[in-house]
1. For segment 274-299, which residues satisfy the criterion of being in contact with a helix residue (DSSP H, G or I) (Cβ under 6 Å, 6 or more places away or on another chain) and within 16 Å of the ligand (Cβ to nearest atom)?
2. I'd like the full set of residues that are more than 12 Å from residue 364 (Cβ to Cβ) and either within 10 Å of the ligand (Cβ to nearest atom) or not assigned by TED's automatic domain parsing to the domain that holds residue 174 (or both), limited to segment 138-150.
3. Can you go through 307, 302, 266 and tell me which one is farther than 11 Å from residue 110 by Cβ, buried (at least 24 other Cβ atoms within 10 Å of the Cβ) and either within 14 Å of the ligand (Cβ to nearest atom) or not assigned by TED's automatic domain parsing to the domain that holds residue 206 (or both)?
4. Which members of segment 212-247 meet the condition of being out of contact with any helix residue (DSSP H, G or I) (no Cβ under 7 Å at 6 or more places or on another chain) and within 16 Å of the ligand (Cβ to nearest atom)?
5. On the given criteria, is residue 374 touching a strand residue (DSSP E or B) at 6+ places or on another chain (Cβ under 8 Å) and more than 24 Å from residue 323 (Cα to Cα)?
6. Would you mind finding the one in 259, 208, 198 that is within 16 Å of the ligand (Cβ to nearest atom), buried (at least 23 other Cβ atoms within 10 Å of the Cβ), under 11 Å from residue 137 (Cβ atoms) and not assigned by TED's automatic domain parsing to the domain that holds residue 370?
7. Here are the criteria: (1) under 16 Å from residue 271 (Cα atoms); (2) within 16 Å of the ligand (Cβ to nearest atom). Tell me which single one residue 73 does not satisfy.
8. Does any residue in segment 103-114 that is farther than 12 Å from residue 258 by Cβ come within less than 8 Å, Cβ to Cβ, of a residue that is part of a strand (DSSP E or B) and at pLDDT 95 or above six or more places away or on a different chain, and which pairs are these?
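The values are calculated or read from the model by the stated rules, or taken from the named source; none is laboratory data. Since we're looking at a predicted model, the values are computed, not measured. A quick note on method: Cβ atoms are made from the backbone with ideal geometry, for glycine too, and the neighbour counts reach across all protein chains shown.
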Ligand SMILES: Cc1ncc(COP(=O)(O)O)c(C=O)c1O
């Protein structure tokens with residue numbers, strides 16, 4: 001029990017850090033190690049000291065329906081009351097799989113897992129099994145999980161390992177190039193003839209910036225991969241079920257061979273999905289292994305079923321589009337009022353705010369023009385004013401955000417910017 005006398009983040013952190021390294025269970029959270037939330041509801045969060053925040057982090061994406069959505073809670077609670085894992089199949093699992101296939105439209109089969117990190121590895125295994133090749137091509141600044149073969153430090157000189165203990169040799173499995181550069185893709189394919197099993201990409205780059213694919217880029221990837229017998233994998237972990245029911249595939253009109261989903265797919269509950277054609281996916285029923293004790297648990301499957309039902313039967317995508325669009329426009333106006341060179345780029349459901357020049361940003365290299373440290377210095381002021389953000393610049397909008405949260409956000413951001421400008425002047 002945490003006593004009521006020990007509720008400040010700093011105090012809780014002190015206890016946590018004694019039993020959990022760094023006081024966090026995911027290294028991504030080290031920058032907020034002293035932050036403790038007691039609960040969330042819709043677009044709001046409350047910290048352990050009772051302060052409220054409008055949440056634009058949404059658990060790094062999953063809470064697309066808002067926190068503690070009543071229909072999700074009711075549906076999932078009812079399902080898990082019957083038990084959680086049986087090491088065999090359940091009807092809710094069948095329902096989730098059929099619902100996913102029907103919703104996605106482009107894929108005939110799915111495998112339901114726990115994390116996108118795992119589902120990405122399953123995709124690589126399928127691609128290697130199908131092609132008999134070893135390498136995969138990936139793009140600078142994109143994230144595909146924390147395991148050795150995908151974790152990369154993209155800062156100059158790149159690519160290099162991003163963690164102590166990570167095998168440098170595991171980066172030999174991949175070729176890393178800048179995104180939105182088809183010439184570089186063609187060159188890499190030419191330099192490694194018949195060696196590339198897969199090309200993996202976020203179809204919209206959301207782990208660094210919120211960078212849209214240049215016209216023709218995804219189509220070009222499709223064409224090159226088809227021509228060279230390479231499996232094209234879209235990592236839709238962030239874009240899936242956020243950019244629309246059919247994710248980036250629906251939005252940009254290009255279909256991969258395999259796609260990985262996570263985050264929004266289960267409305268904030270833990271689940272990931274690998275989707276693809278019968279031809280590729282049915283290898284899992286033959287010699288290609290994909291396993292996991294918690295894969296397709298009742299919890300994950302019920303969450304997928306209920307999240308998809310909400311997404312199908314409400315106006316959530318129109319709502320997010322409208323709210324996000326208005327928020328982007330109001331923020332631009334506010335930044336101009338303060339004479340701050342902050343740019344807002346992306347789509348209403350996921351956009352990026354950065355201190356930079358107004359030129360278009362199409363790659364990780366171009367994103368480096370932004371003054372990332374200055375944005376990181378702004379964030380403590382937004383948090384103090386009650387707008388929950390991380391230092392990475394990404395803002396996620398949920399179906400629970402609305403005109404009222406937009407208005408409240410503007411008032412709070414005005415306070416934050418006033419303090420920020422004052423602070424910069426006295427530095
Ligand atoms: C595009 C992308 N792929 C994969 C992952 C890994 O997902 P997980 O943290 O569920 O393993 C993430 C996580 O942020 C992601 O953004």
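1. 274, 275, 290, 296, 299, listed by residue number.
2. Scanning segment 138-150 gives 144, 145, 146, 147, 150.
3. Numbers: 307 fails: either within 14 Å of the ligand (Cβ to nearest atom) or not assigned by TED's automatic domain parsing to the domain that holds residue 206 (or both); 302 fails: either within 14 Å of the ligand (Cβ to nearest atom) or not assigned by TED's automatic domain parsing to the domain that holds residue 206 (or both).
None of the other options fit; the residue is 266.
4. Hits for segment 212-247 are 212, 247.
5. So residue 374 passes the test.
6. Numbers: 259 fails: under 11 Å from residue 137 (Cβ atoms); 208 fails: under 11 Å from residue 137 (Cβ atoms).
It is 198.
7. The one condition residue 73 does not meet is (2).
8. 112/272; 112/273; 113/272; 113/273; 113/274; 114/272
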